[in-house]
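What follows is a short report on a single structure.
Bear in mind that the values in this text are calculations on the coordinates, not laboratory data. Computed from a predicted structure; not experimentally measured. No Cβ is skipped: glycine too gets one built from the backbone with ideal geometry, and neighbour counts run over all protein chains shown.
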Amino acid sequence: MTPTPTNSETNTSIALRAFAMLEAIVNAPGPMSLDELTSELKLPKPTVFRIVTMLKEADLLLRESAGKRYVAGPRLLSFGIDMWRSNTLRVQWHRALEDTVAECGECCNLTLLEGNQVLYIDRVETSHPLRLHLDPGTRVPLHCTASGKLFLSQMSPEDAKRTLGDEPYERFTSKTIVSFGKLQLDLEKVRKTGVGTHDSELFNDSVAIAVPVLGRKGEIVAAVAMHAPSSRASIDTCLGFIDSLRKAASTISSTMSPVADTSSDAVTGLTQKASRAAKRA
């Protein structure tokens with residue numbers, strides 16, 4: 001006779017299923033529908049609906065106002081950011097950035113996607129007196145930054161447009177791209193190369209590149225970016241240090257998951273996956 005599950009076992013099962021759902025939504029390239037969650041979790045639809053409802057009521061999930069898809073809620077985002085800021089991990093991340101700055105001689109940052117903005121988690125400054133000051137905790141737009149384009153590149157055009165909001169986008173310099181059509185051309189390049197770029201689009205006299213920090217399934221969870229004044233460097237100059245940036249990104253990725261695939265093949269696979277997602281949209 002099959003034993004009846006205890007309350008403790010039932011609660012554990014629900015907790016693990018809820019965690020699996022949060023993990024699926026966080027790792028997805030865009031918002032997920034109830035049907036997609038049901039397929040991903042391989043659970044009965046009524047069960048998935050109950051878990052979604054529970055997580056929504058706890059502010060861990062949020063239903064899109066314009067549709068029936070779900071994204072990470074404010075409480076989950078806050079928890080994730082607090083985890084990223086934990087002192088133990090930041091020591092390792094900061095050291096990886098320091099090593100990169102020592103090699104390239106320019107500022108390097110660790111950033112992540114927060115809603116429709118880029119959030120600076122950590123930064124190591126250059127020794128040059130001419131520099132751009134962006135302290136940890138600073139938020140910048142997606143459409144005109146190297147990290148922002150990297151994050152947008154893994155979304156389908158539909159999800160990217162929804163994230164960016166109404167056009168025209170805010171203009172900061174004469175080079176700011178303010179329409180999605182033109183931005184999409186940049187995003188296609190990012191998907192092919194795995195490198196985001198910025199050329200005086202948010203700040204004048206500023207260039208930057210960004211490479212992905214990959215998660216357990218090869219998704220972009222953060223970015224390592226290098227900034228320099230365009231009077232001292234160019235995009236090509238920055239690209240000369242791409243191996244150093246990727247090494248830092250790989251080191252940071254390894255602190256998050258021992259099974260994360262941070263090889264160059266994984267980056268190629270990621271850009272191919274993003275391209276397929278773009279074609280489906």
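Here are the numbers for the structure shown:
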quantity: Residue, surrounded by the most Cβ atoms within 10 Å (Cβ to Cβ), within the stretch 156-186, restricted to residues that are free of Cβ contacts under 8 Å to residues at least 24 places away in the same chain and acidic (Asp, Glu); calculated: Glu167
quantity: Only one of Ser200, Ser153, Ser244 that is surrounded by 16 or more Cβ atoms within 10 Å (Cβ to Cβ), in contact (Cβ under 8 Å) with a residue 24 or more places away in the chain and under 17 Å from Cys104 (Cα atoms); calculated: Ser244
quantity: Scope the stretch 107-136; condition more than 12 Å from His227 (Cβ to Cβ) and part of a loop (DSSP other than H, G, I, E, B); matching residues; calculated: Gly115, Asn116, Ser127, Pro129, Asp135, Pro136
quantity: Residues of the stretch 35-53 classified as on the phi < 0 side of the Ramachandran plot and surrounded by fewer than 15 Cβ atoms within 10 Å (Cβ to Cβ), total; calculated: 8
